[in-house]
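This report refers to the structure that appears directly beneath it.
None of the figures in this text is laboratory data; all of them are computed from the coordinates on show. Because the structure is predicted, anything quoted here is derived from the model rather than measured. As a convention, Cβ positions derive from the backbone with ideal geometry for all residues, glycine included, and neighbour counts pool all protein chains shown.
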Amino acid sequence: MFEGLRFDLKEVMPCIKDSSRIRFIAQANMEFPRELIIALSFMFPPGLTVYDDGCGALTLKLWDRLITIFPSGRVGVTYTLDINEAREILEKIKKLIVKAEDELKRYGVPSQNEIDARRKLTALQLYKYLPKTNCKLCGEATCMAFAVKVLNGEVKLPLCKPLKGEFKSRVDELREWAGDRILKSLGWE
């Protein structure tokens, strides 16, 4: 369905963060169902996404910019170099939407339990499932620092080597609490 997705640039303005760059609004030639937007949010670690239940919009922190996708097909993007980069970003967004559609077909709509777990997944919550040994094998000084970086998409959960060995049961506990999709968004396959 979304293979034929196109975007038209509707408005270009100076970027608030850096006036040498632009921000823009584009409009798709189709609407994005709520289920698709939720599936798209599950493709990224929770720290990179904000889903607004009220209006159904998703804001992503990707490629050093904020991208907001509305169910109406409207897309807002910040911190863009120029019109050419805007077109490149819109092409990347199209690919993400097509991938989200594939994920939706493959795994179905995220359940309310998965949505709730994703909302509740904080660094402290993730830390509960980590070894809490501060072994530094992941490259971080503490397990809490590691949890923060995992949620923000800076590192992937499998970097915690003890979770693959003696603490493997913690991954199973996290899977039981949060579900496979959330684990996948944290880099655990």
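Fewest to most neighbouring Cβ within 10 Å: what's the order for M13, M30?
M13, M30
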> Given R₀ = 22 Å, FRET efficiency for Y107-N152 by Cβ-Cβ distance, to 0.05?
Replying inline: 0.40
> Check R74: other-chain or 5+ apart residues with amide H under 5 Å from its amide H, H built from backbone geometry?
Replying inline: A28
> Gain in length, W177 to K99, computed as 0.36 nm per residue apart minus the alpha-carbon separation, to one decimal in nm?
Replying inline: 25.5 nm
> Could you put F146, F42 in order, starting from the residue whose Cβ has the fewest other Cβ atoms within 10 Å?
Replying inline: F42, F146
> Pulled fully out, how much extra length does the chain show between K132 and D18, if you take 0.36 nm times their separation in residues and subtract their Cα-Cα distance?
Replying inline: 37.0 nm
> Counting other Cβ atoms within 10 Å of each Cβ, which trypsin sites (Lys or Arg not before Pro) in segment 80-178 have at most 16 and sit in a DSSP loop?
Replying inline: K128, K132, K136, K156
>> With N set to the number of residues, divide the alpha-carbon radius of gyration of the chain by 2.2 N^0.38 Å and report two decimals.
In response: 1.12
> Order of F167, F32, F7 from fewest to most other C-beta atoms within 10 Å?
Replying inline: F167, F7, F32
> Under the Karplus relation 6.51 cos²θ - 1.76 cosθ + 1.60, θ = phi - 60°, what is the ordered set of whole-Hz ³J(HN,Hα) values for segment 142-149, x standing for Gly and Pro?
Replying inline: 9, 5, 5, 4, 4, 4, 4, 5
> Which of rounded, prolate, oblate describes segment 36-104, given a ≥ b ≥ c as roots of the alpha-carbon gyration tensor eigenvalues and a/c under 1.5 marking rounded, otherwise prolate only if a/b is larger than b/c?
Replying inline: prolate
